[in-house]
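Notes follow once the structure below has been shown.
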Ligand SMILES: [Zn+2]
C-alpha cells in the first residue's frame, strides 16, 4: 500500500474542503479577531448579540430547575449552542462547518473571558441591571482575586481553539490536494 492510499483510507469519512471554503473560514475568523481587538470592549457585532441573546435565555431556563444554578445558565447556554454546531457538523463530516462551530465557540470564550475579567472592576454595562455573574461565581469558588488571571487563561484557550481549528482545516485541505495529485 502506498502512503497516499493509507492517508485517504484514514480520512475518507470527512467530506472535502474547497480552497474557497478554507479561504472563507480563514477570512471570517480574521475579521472576527480584528473587530474583537479593535473595539473597546472586545464586542463583535451580530455574533456577540446572538451570544448575549442565548446568554439571557439561559438564566431563566436554568432557573426553572434550580435557583442556585441560575447564575451559571447564561454561560452554559452561550457554550451549548456552538458545541451543538460542532457536534452536528462533526457527525455530518463537514470540515468547514465543524471549524466554523469551533471558531464560534472560541469567540464565545473571548466574550466570556471579557466578562470574567470584569468580576472585581464591574465596569461592563449589565443587561437588565442584575447581578454580575462572574462576581457571584468567583466568590462562590473563592477565587475572586484571580478573576483577571482566569480570564487570561480562558482567552488563551479561545485563541488555541481557533488557531487549532484553522490549522486542522488547512491540513485537511493540503492532504486532500496531495491525494488528488497521486
Ligand atoms: Zn448573565
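If you take the residues in the stretch 63-112 that are in contact (Cβ under 8 Å) with a residue 24 or more places away in the chain, farther than 30 Å from residue 17 by Cβ and within 15 Å of the chain's Cα centre (by Cα), which one is surrounded by the most Cβ atoms within 10 Å (Cβ to Cβ)?
So the residue we want is 74.
Among the numbered criteria (1) touching a helix residue (DSSP H, G or I) at 6+ places or on another chain (Cβ under 7 Å); (2) within 23 Å of residue 19 (Cα to Cα); (3) modelled with pLDDT of 95 or more, which single criterion is violated by residue 158?
For residue 158, the exception is condition (2).
Please enumerate the residues belonging to the stretch 101-155 that are away from the ligand (no atom under 15 Å from the Cβ) and at positive phi.
142, the sole residue that qualifies.
Among the residues of the stretch 113-134, write down those that are modelled with pLDDT of 90 or more and over 22 Å from the mean Cα position of the chain (by Cα).
120, 121, 122, 123
Does residue 44 satisfy the condition of being touching a residue at least 60 places away in the same chain (Cβ under 8 Å) and either in a helix (DSSP H, G or I) or more than 16 Å from the ligand (Cβ to nearest atom) (or both)?
yes
If the requirement is being out of contact with any helix residue (DSSP H, G or I) (no Cβ under 9 Å at 6 or more places or on another chain), more than 22 Å from residue 123 (Cα to Cα) and modelled with pLDDT of 95 or more, which of these qualifies: 62, 31?
Checking each option against the conditions leaves just 31.
Taking the stretch 113-139, which residues are in a helix (DSSP H, G or I) and free of Cβ contacts under 8 Å to residues at least 60 places away in the same chain?
Correct list: 113, 115, 116, 117, 129, 134, 135, 138, 139.
How many residues, within the stretch 62-76, are in a helix (DSSP H, G or I) and away from the ligand (no atom under 12 Å from the Cβ)?
Adding up the residues that qualify gives 2.
Anything in the stretch 140-182 that is assigned to a loop (DSSP other than H, G, I, E, B), closer than 30 Å to residue 74 by Cα and either touching a residue at least 40 places away in the same chain (Cβ under 8 Å) or in contact with a strand residue (DSSP E or B) (Cβ under 6 Å, 6 or more places away or on another chain) (or both)? List them, or say none.
Across the stretch 140-182, there are no qualifying residues.
The values are calculated or read from the model by the stated rules, or taken from the named source; none is laboratory data. Values in this document were obtained by computation on a predicted structure and should not be read as measured data. Heads up, the Cβs are rebuilt from the backbone with ideal geometry, glycines too, and the neighbour counts pull from every protein chain shown.
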